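Taking it in order: structure first as structure tokens, then the write-up.
The values are calculated or read from the model by the stated rules, or taken from the named source; none is laboratory data. Note that the coordinates shown come from a computational prediction; the quantities given were computed from them, not determined experimentally. Please note: Cβ atoms are built from the backbone with ideal geometry, for glycine as well, and neighbour counts cover all protein chains shown. Only protein heavy atoms, including side chains, enter the accessible area calculation; ligands, DNA and RNA are left aside. Shrake-Rupley method; radii C 1.70, N 1.55, O 1.52, S 1.80 Å.
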Amino acid sequence: MEQNLNKDVLDKLTKVCICKAISRAKIKEAVKAGAKTVEEVNKITGAGSGGCGGKRCRCKIEELIEQNIKKV
Ligand code: FES
């Protein structure tokens, strides 16, 4: 329980998309809402459309989609 709480806090604090300051929690939410590609996550959260054009966050978003879709 406590571990879950820590995880949630970390998810909120960890920025996946630095340009747009989108947290890991936001990405997970988008995946839960049905996003299955980086483009769909981008549409929902805006992650990946910052100054670097997704260069710094695309891999991390892909990873999160993988991990979180498998769980469903
Ligand atoms: S870090 Fe996501 S667009 Fe630059």
Might you let me know whether the stretch 11-33 holds any residue that is on the phi > 0 side of the Ramachandran plot and either touching a Leu at 6+ places or on another chain (Cβ under 8 Å) or within 12 Å of the ligand (Cβ to nearest atom) (or both)?
yes
Ile69 fails exactly one of (1) open to solvent by less than 90 Å² (accessible area, probe 1.4 Å); (2) within 9 Å of the chain's Cα centre (by Cα); (3) more than 16 Å from the ligand (Cβ to nearest atom), namely (2)
Restricting to the stretch 1-56, and then to whatever is over 16 Å from Gln67 (Cα atoms) and modelled with pLDDT under 95, can you tell me which residue is most open to solvent (accessible area, probe 1.4 Å)?
Met1
